[in-house]
Amino acid sequence: MRYITRKNQPSQPLPDEQILGQKLDSNLQVNMEYLEQLLDGCSDAVIRKFKFGKGRDIDAALLYFDGLVLKTEAEDSILRPLMLEFDLMENTPETKAADMYENVKERLLVVTDLLECDTFDKAVQHLASGDAILLINGYDRALVAGIRSWEGRKTESPDEEVLIKGPKEGFTETLRFNTALLRRRLKTSAFKMEPLQIGRLSKTNVVMCYVKGIAAESLVQEVRNRLQKIDIDAVLDAAYLEEIIAEHHYSIFPQAEHTERPDRVVAHVLEGRVAIMVDGSPWVMVVPATFPQFWISPEDYYMGYIPASFIRLLRQVAFFTALLLPSIYVATITYHQEMIPTPLLLTIASSREGVPFPALVEAIIMEITFEFLREAGLRMPRAIGPAISIVGALVIGDAAVAAGLVSTPMVVVVAFTGIASFIFPVYSAGIAVRLARFPLLAMAGFLGYFGIMIGLILLLVHLASMTSFGVPYLSPLAPANANDSSDVLVRRPWWTMKQRPRMFSPINRVRQE
Amino acid sequence: MLRKPAALLLAASLCFSAGCWDRREVNESFIAIAVGVDSYPGNKLRFTEQIPLPIPKGKGNTTKTEKTVPAGPRFVTVSTVADTFTDGARKAHLTTPRSPLWQHSACYVFGEKFSRRGFSGEVDWLLRNRQIRKIGYMFVARNAAASEVLNVPTEVEKIPAVALVSMIKTQDTNIGIYTPVKLGEFLNKSITAGIEPAVPGVEIVDEGGKKGLKISGTAVFKRAKLVGWLNEKESRGYRWLRPNMITGGTKVIKCPVCGKPVLLETLRSQSKIEAKKRNGEIIMHIKIREEGNFYEQRCRHPLLTPETIPILNREAERLIEEQVRAAVTRAQELDSDIFGFGQAVFSAYPKEWERLAGRWEEVFPTIKVELEVKSEIRRSYLATQTLPFRY
């Protein structure tokens, strides 16, 4: 009970909040005192006090966080004009009449991105986002110079969503690069990027992208509302947001599509969906997500529609294989032996000879071992990767069978299932299937095909009852829509795709005349 | 607050407490691949089941795929003496450590004595046991007991039951003498009025001390009792009259020029038995449409000319007719309506059948048969004429 009461306690104000609420003072001395107090312990903060003006008598200070701004830029476009080139400013009546602050802002600083701010709160925020702050004695405002520039990862080809054909660019951690990647692909002002800031401490920049005139107004409004309602201290990845804004918190199925590929985002946005980009994460989230979308890869659209359709059908088979194969195997050999041809049953019987566990336990052991291997392979340092595969192949494939702990057909089944589960173009959908497999396996072990059927029906009911931002999760298969679903099970040829999918109720439905 | 999880937990525990009554691990069971029944003195049964042995795994290292096929038979046969089928099957537990899976029984063998004694009423178990599928093949052990037949090791196919099923199926498409009969069909025919079952026989051959199995003769049943056997020629005749389409089989006719054998192959053949009335008397009108290929000749005469092909066709028709007549005559001798003439009467003249059904056994031997056979040669494989030998 103690935890519950503690939870309800009002949040403690942060220590600096007193200062942050205040306005900037016109006295530089006062401002500097406060700022130094705020930046106490921030070893990366740079405070440069200097004098400028005709008689070099005006006190000023330049503040920035080291590493976030381009130093040469700060020197060339702020310090040099003020300290060295001040005299070059012509002495016209206009400049004489103008205030010193005006002169600095309009005539001296060589910075494109120049803003003002008048509170400590704003000043610190700008500082932390990588802007430089210029304070001049006698003025209760600060000049904010946007000269941010930091070391970031270069655009690389995405690691997780590998394609043979198609663009090789992937998103990086820097929001600006990412928006640029998208803008380059959609050269229209109708492509909107609405800024938001989420996170009490992180103040993470989040951008909501959609195409005005295609995305339904209600959808955009709904996404905006849900994003604005978020109250969290930090957002480190788009996945944080998915969990908060999704409708079904208890489902194992992904309710937003995450992608590293700009081409994929653009394709989705053109269908009337909304993309959410988070600064610091190369993963872009697209909502609403529907289940059938998870077996679609962008590559399907970069190759001929006949091979693409074949591969898409292959993925659907793989989906059911990954979900059901172990269950079907266990149910068949423990309940429905008549389904197996006699010679095969004899082979299975011989290979199960001496295996001490029931088929269900055997299957669970093998499946869990495989999950161990997969997770280990994912997390371990690259250098010892081959070691794991050797151990996996030898221990699981051979030694376990030789030791009589498991039967060979089970190894084949587990290996097959494992391969099938890697086929999904969307990683999180693969995880959901991996997870759903276990309850189905248990049902198969206890009730045979009957159990598998019950499990499948429950799964289907669950999927059919879900919605993602108001769009039924199984659409366009259920509710059925002939126009949309023709591009889900197989890939529709481009020349027949005259309309955008209706499931996201786009305003403009026409894709081509 | 805890109600929901508790309810879920209880529901989940149902899975365990139900005891999984239907669960069967394959390594805790054996496959009863063949079932045999014999009569036993004292109104008892001798129940026999054939169990294939699992192939023992080779030693651990799978990189070297050395499969050591063990010597000796790959099956065991368990026989018990009991009051009923089930009793016999359960008594087998006294000698075998595992319990049987009946779903895979591929063949059922009735001993000749048991068949002669009659099986009416005795096969309840075959129908009632839900594990027994009605698609296994029926055999009658000729001059032997089923327990003996199921004990004979076979060579090429190591498990005799599999060998038997394979033999009856391949002979049907390749030489076409005997008609395979499945358990369901057999049981159906034996309880239907106006038709009787006939089942291929299997006998033990002894070649130089080495025993083997051979399919031989067709056992003719009447009133659920074995009454006699059809020989090879009669069995062929019986096969021509089978209601479903025949695919495969051979016919050996004589060369119209020299009388040496010529072999024709049957591609497909369809028969139709119709009851008709001629001068107030019921007769059977049988139509057979057969087509096939010219397969082999032993003489040098050019047989595939427009003049000779019709002659060959007539020869084939005569051969088929001869075989059918032989079968009908034999069946009439045995007074067992294996062709379903009664059924034909029933469908053509239901009123008449009502009158005849009671004394069909008296009528059947007197029924006259009218045959209309049409046979045609379609192709002759790679050659239109035989090799032109000069001598």
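Using a 10 Å cut-off around each Cβ of peptide A:328-341, what is the average number of partner chain Cβ atoms that fall inside? Mind dumping the intermediate values first?
Numbers: counts 0, 0, 0, 1, 1, 4, 7, 4, 3, 10, 7, 1, 3, 1.
Rounded to a whole number, the mean comes out at 3.
Radius of gyration and Dmax for chain B's Cα atoms, expressed in Å?
So, for chain B, Rg and Dmax equal 26.2, 104 Å respectively.
Please calculate the 1.4 Å probe accessible area of A:Val317, with all protein chains present, and give it to the nearest 10 Å².
That residue has around 90 Å² of solvent-accessible surface.
Within region A:374-507, what whole-number % of the accessible surface is contributed by carbon and sulfur, with the 1.4 Å probe and all protein chains included in the calculation?
On the way: 4970 of 6420 Å².
Answer for region A:374-507: carbon and sulfur cover 77 percent of the accessible area.
In debye, nearest 20: dipole of region A:339-419 around its Cα centre with unit charges on the Cβ of K, R (+) and D, E (-)?
200
So for chain A, considering every pair of alpha-carbon atoms, how many percent are separated by more than 28 Å? Write out the running numbers ahead of the final one.
On the way: 86984 of 131328 pairs.
Percentage above 28 Å: 66.
Using only the Cα atoms of the protein assembly as shown, construct the convex hull and provide its projected area averaged over every direction, in square nanometres to one decimal.
Average projection, Cα convex hull of the protein assembly as shown: 63.0 nm².
For the protein assembly as shown, what does the helix formula give at 222 nm: sum of -39500 (n - 2.57) over DSSP H segments with n ≥ 4, over the residue count, nearest 500 deg cm²/dmol?
Numbers: 31 runs with 331 residues, N = 904.
Taking each H run of at least 4 residues, the total per residue is -11000 deg cm²/dmol.
How much accessible area per residue does region A:17-145 have, counting only protein heavy atoms and a probe of 1.4 Å, in square angstrom? Please report the intermediate quantities before stating the final value.
Numbers: 6780 Å² over 129 residues.
About 53 Å² of surface per residue is accessible.
Inside 10 Å of the C-beta atoms of B:158-165, what's the mean count of C-beta atoms belonging to other chains?
Values: counts 0, 3, 0, 1, 3, 0, 0, 1.
The shielding value for this peptide is 1.
For region A:449-513 and region B:193-259, compute the distance between their C-alpha centroids and round to whole Å.
Each part's Cα centre sits 60 Å from the other's.
How large are Rg and Dmax for region A:175-289 when only the alpha carbon atoms are used, in Å?
In order Rg, Dmax, the Cα atoms of region A:175-289 give 13.1, 39 Å.
Please compute the contact order of region A:17-145 in relative form: average sequence separation of alpha-carbon pairs under 8 Å and at least six residues apart, divided by the residue count, as a percent. Write down the numbers at each step before the final one.
On the way: 191 pairs, mean separation 47.1, N = 129.
About 36 percent, as a whole number.
Looking at region A:175-289, what % of its DSSP beta bridges pair antiparallel, to the nearest 5? Show your work: numbers first, answer last.
Values: 18 of 19 bridges.
The answer is about 95 percent antiparallel.
Place the peptides B:360-369, A:381-390, A:406-415 in order of packing, highest mean first, counting for every residue the other Cβ atoms within 10 Å and averaging per peptide.
On the way: B:360-369: 15.1, A:381-390: 9.8, A:406-415: 20.9.
The most tightly packed comes first, giving A:406-415, B:360-369, A:381-390.
Dipole of chain A, Cα-centred, from +1 at each Lys and Arg C-beta and -1 at each Asp and Glu C-beta, to the nearest 20 debye? Spell out each step's value before the answer.
Numbers: 51 positive and 59 negative charges, 323 e Å.
Roughly 1560 debye, rounded to the nearest 20.
First select every other residue whose beta carbon is under 9 angstrom from the beta carbon of A:Lys51; then total the charges, Lys and Arg +1, Asp and Glu -1. It would help to have the intermediate numbers written out before the result.
On the way: positive: A:Lys49, A:Arg56; negative: A:Asp57, A:Asp59.
It works out to a net charge of 0.
Determine the sum of side-chain charges near A:Glu247: Lys and Arg each +1, Asp and Glu each -1, restricted to other residues whose C-beta is under 13 angstrom from that of A:Glu247. Present the calculation step by step, with values, prior to reporting the outcome.
Numbers: positive: A:Arg226; negative: A:Glu222, A:Glu242, A:Glu243.
Combined, the nearby Lys, Arg, Asp and Glu give -2.
Relative contact order of region A:143-206: what whole-number percent is it, with Cα pairs under 8 angstrom and at least 6 residues apart? Present the calculation step by step, with values, prior to reporting the outcome.
Working: 39 pairs, mean separation 12.6, N = 64.
Normalised by residue count, the contact order of region A:143-206 is 20 percent.
Leaving out ligands, DNA and RNA, calculate the buried accessible area for the pair A and B with a 1.4 Å probe, summed over both sides, in Å² to the nearest 100.
Details: alone 26500 and 21710 Å², together 45940 Å².
Interface between A and B: roughly 2300 Å².
What are the radius of gyration and Dmax of region B:233-391, computed over its Cα atoms and given in Å?
Cα-based Rg and Dmax for region B:233-391 come out at 18.6, 67 Å.
Keeping all protein chains in the complex and leaving out DNA, RNA and ligands, what accessible area do you get for A:Val401 with a 1.4 Å probe, in Å² to the nearest 10?
Roughly 10 Å² of A:Val401 is accessible to a 1.4 Å probe.
Positive end of the charge dipole of the protein assembly as shown (Lys, Arg +1 and Asp, Glu -1 on Cβ, about the Cα centre): tell me which of B:Val262, A:Met277, B:Ile377 has its Cα farthest that way.
The Cα lying farthest towards the positive end belongs to B:Val262.
Given the C-alpha centroids of region A:191-230 and region A:69-134, what is the distance between them in whole angstrom?
After rounding, the separation between the Cα centres reads 32 Å.
Ordering B:Tyr178, A:Tyr449, A:Tyr473 by accessible area with a probe of 1.4 Å, largest first, what comes out? It would help to have the intermediate numbers written out before the result.
On the way: B:Tyr178 20, A:Tyr449 70, A:Tyr473 0 Å².
These residues rank, largest area first, as A:Tyr449, B:Tyr178, A:Tyr473.
Compare B:Glu232, A:Glu90 by solvent-accessible area with a 1.4 Å probe and give them largest first, with all protein chains kept in place. Mind showing how you got there, number by number?
Values: B:Glu232 95, A:Glu90 135 Å².
The ordering from most to least exposed comes out as A:Glu90, B:Glu232.
Can you give me the relative contact order of region A:175-289 as a percent, contacts being Cα pairs under 8 Å and 6 or more apart? Walk me through the numbers on the way to the answer.
On the way: 200 pairs, mean separation 36.4, N = 115.
Reported relative contact order: 32 percent.
Can you tell me how region A:466-508 classifies by the Cα gyration tensor, rounded, prolate or oblate, using a/c under 1.5 as the rounded cut?
Details: a/c = 2.81, a/b = 1.47, b/c = 1.91.
Oblate, because a/c is 1.5 or more while a/b does not exceed b/c.
So with the 1.4 Å probe, I'd like the accessible area per residue for region A:303-465, rounded to whole Å².
Values: 7420 Å² over 163 residues.
Roughly 46 Å² per residue, with all protein chains present.
Distance between Cα centroids, region A:274-335 to region B:134-177: provide it in whole Å.
Each part's Cα centre sits 50 Å from the other's.
Run the numbers on region B:75-117: which residues show a drop of 20 Å² or more in accessible area, chain on its own versus all protein chains together, using a 1.4 Å probe over heavy atoms?
Listed by number, the residues meeting the 20 Å² cut-off are B:Arg98, B:Leu101, B:Gln103, B:His104.
What chymotrypsin sites (Phe, Trp or Tyr not before Pro) does region A:136-244 have in DSSP loop regions with at most 11 other beta carbons within 10 Å?
Details: sites: A:Tyr139, A:Trp150, A:Phe171, A:Phe177, A:Phe191, A:Tyr210, A:Tyr240; in loops: A:Tyr139, A:Trp150, A:Phe171.
Within region A:136-244, the qualifying chymotrypsin sites (Phe, Trp or Tyr not before Pro) (loop, at most 11 other Cβ atoms within 10 Å) are A:Trp150.
Give me the 1.4 Å probe accessible area per residue for region B:233-391, excluding ligands and nucleic acids, in Å². Can you show the working numbers first?
Working: 8640 Å² over 159 residues.
Per-residue value: 54 Å².
The values are calculated or read from the model by the stated rules, or taken from the named source; none is laboratory data. Here the structure is a predicted model, which means the values were calculated and not measured. Virtual Cβ from ideal backbone geometry, glycine too; neighbours counted across all protein chains shown. The protein model used for the area step is the full one, side chains on, heavy atoms only, and it has no ligands, DNA or RNA in it. Shrake-Rupley method; radii C 1.70, N 1.55, O 1.52, S 1.80 Å.
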